[in-house]
Amino acid sequence: MADVTIRVPASAANLGPGYDAFGLALGLYNTFRAQPADTWRVEVRGEGEGRFARDGRNQVARAMARAFAEIDGAHAAARVVCDNEIPTSRGLGSSAAAIVGGVVLADALCGGVLGRDRLFGIAAEMEGHPDNVAAALFGGFTIGWSGEGAPGVAAVSPADGLAAVVVVADESLPTRTSRGLLPRQVPHADAAFNAGRSGLLAAGIALGRGDLIAAGLHDRLHEPYRVSAVPDLAEVARALVEAGALGAVLSGAGPTVIGLVSADDDDAAFEAATRIAGRVGGLDPGRRTPQALRIDRTGAAVLTG
């Protein structure tokens, strides 16, 4: 009987000014293994263990079922094992990883018939916005958008020489709670500010320009309103910058804070990020030890099957 294993990266959305549009895939992974079965059974190990449904209500299973519905002669259910490294409800795309993992697993079990674009459409529909699922599926730096018809994505390969440092909080922050803090309207000046900074950030990542990345990592659309839920945001961001990061922003809805690091190539950037992570100090005891991460440039990958 077929057995498929896939790996899906974590992702940081928004990246400051790119609210609900930018995504960056990170070298922290959930690994999913599935085998066709008559009924759903899901085992979760690592992050989130003991917290999620173990049957067809599980998010991975629901994503698989949604993809199965698109394929003639697809399986009815599966036995799934999830080995999770991505912290849940911390702003690192755990929900997107589960959804992408589910649709890619289902497609792989059926011979890979849907294609990445259709898988992206299904995943974005289930997630409700395209930023995290785009990065998790395609890897690298992505710009997603929604509008009339299907969601769109531009997958951009970051210039060589980029890495990240993440500072994860012990306590979770559900995306729905964080979104609920945002106002219905924002000042025109703030919207104009973000338009310019998002252009700088995207150009900096694509071109490998640390100066543009540093200038672009500033936001006025969502971070100021989320401070009440992440009161140490400014403190953590300042500690990352003082340790050597180009800049630091909320990862997704938070509470994780991410700092970006550039160097001559990816290996040098990761080494620099490791040094920076070791220099960050004086953080709230509710924060985990800072962690250096590579940029994932592959996205969701089928390992076996």
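Would you work out what percent of the accessible area of the chain, with all protein chains in place, is carbon or sulfur (probe 1.4 Å)?
In the chain, the share of accessible area belonging to carbon and sulfur is 49 percent.
Name the most mobile residue of Asp267, Asp20, Asp219, meaning the one with the largest mean-square fluctuation, in a Gaussian network model of the chain with Cα contacts below 10 Å.
Asp267
According to a simple spin-label model (label point 7 Å from Cα along Cα-to-Cβ), what is the distance in nm between Ser146 and Ala301?
Each label point is offset 7 Å from its Cα along the Cβ direction, giving 3.0 nm.
Give me the distance between the Cα centres of region 1-51 and region 167-227, rounded to whole Å.
24
Counting Lys and Arg as +1 and Asp and Glu as -1, what is the net charge of the other residues whose Cβ lies under 11 Å from the Cβ of Val103?
Details: positive: Arg62, Arg66, Arg116, Arg118; negative: Glu70, Asp107, Glu125, Glu127.
My count for the surroundings of Val103 gives 0.
At a 1.4 Å probe radius, which order do Asp117, Asp296, Asp264 fall into by accessible area, largest first? Don't skip to the end; give the middle numbers.
Details: Asp117 120, Asp296 5, Asp264 140 Å².
From most accessible down to least: Asp264, Asp117, Asp296.
If Lys and Arg each add +1 and Asp and Glu each add -1, what is the summed charge of the other residues whose beta carbon sits under 13 Å from the beta carbon of Phe22?
-2
Run the helix sum for the chain: -39,500 (n - 2.57) per DSSP H stretch of 4+ residues, divided by residue count, reported at 222 nm to the nearest 500 deg cm²/dmol.
Using -39500 (n - 2.57) per qualifying helix, the result is -10500 deg cm²/dmol.
If you stretched the chain out fully between Asp190 and Arg176, how much longer would it get, using 0.36 nm times the residue separation minus the C-alpha to C-alpha distance? Kindly include the intermediate steps, with their values, before the conclusion.
Values: separation 14, 0.36 × 14 = 5.04 nm, distance 2.29 nm.
This chain segment gains 2.8 nm when fully extended.
Tell me the accessible surface of Ser228 in square angstrom (1.4 angstrom probe, heavy atoms of protein chains only), to the nearest ten.
My reading of the accessible area for Ser228 is about 90 Å².
So if each residue of separation counts as 0.36 nm, and I subtract the Cα-Cα distance between Glu125 and Glu43, what length gain in nm does that give?
Going from the current span to full extension adds 27.0 nm.
Between Arg238 and Arg54, with labels modelled 7 Å along Cα→Cβ, what's the label distance in nm to one decimal, could you check?
According to this spin-label approximation, the distance is 4.7 nm.
Round to the nearest 10 and give me the degree value, 0 to 90, for the angle of helix 266-279's Cα axis relative to the longest principal axis of the chain.
So the inclination is approximately 70 degrees.
Packing-wise, with mean Cβ within 10 Å as the measure, how do 105-111, 65-71 rank, highest first?
Details: 105-111: 22.4, 65-71: 18.0.
Those peptides, ordered most packed to least, come out 105-111, 65-71.
I want to verify a result. In a Gaussian network model of the chain, Cα cutoff 10 Å, which of these has the top mean-square fluctuation: Ala25, Ala237, Ala273?
In this elastic network of the chain, the residue with the biggest mean-square fluctuation among Ala25, Ala237, Ala273 is Ala237.
Net charge within 10 Å of Val113 by Cβ-Cβ distance, Lys/Arg positive one each and Asp/Glu negative one each, not counting Val113 itself?
Spelling it out: positives minus negatives among the neighbours equals -2.
The values are calculated or read from the model by the stated rules, or taken from the named source; none is laboratory data. Predicted model, so just to flag it, every value in this text is computed and none were measured. Note: ideal-geometry Cβ built from the backbone for every residue, glycine included; neighbour counts use all protein chains shown. Surface areas here come from the heavy atoms of the whole protein model, side chains and all, with no ligands, DNA or RNA. Shrake-Rupley method; radii C 1.70, N 1.55, O 1.52, S 1.80 Å.
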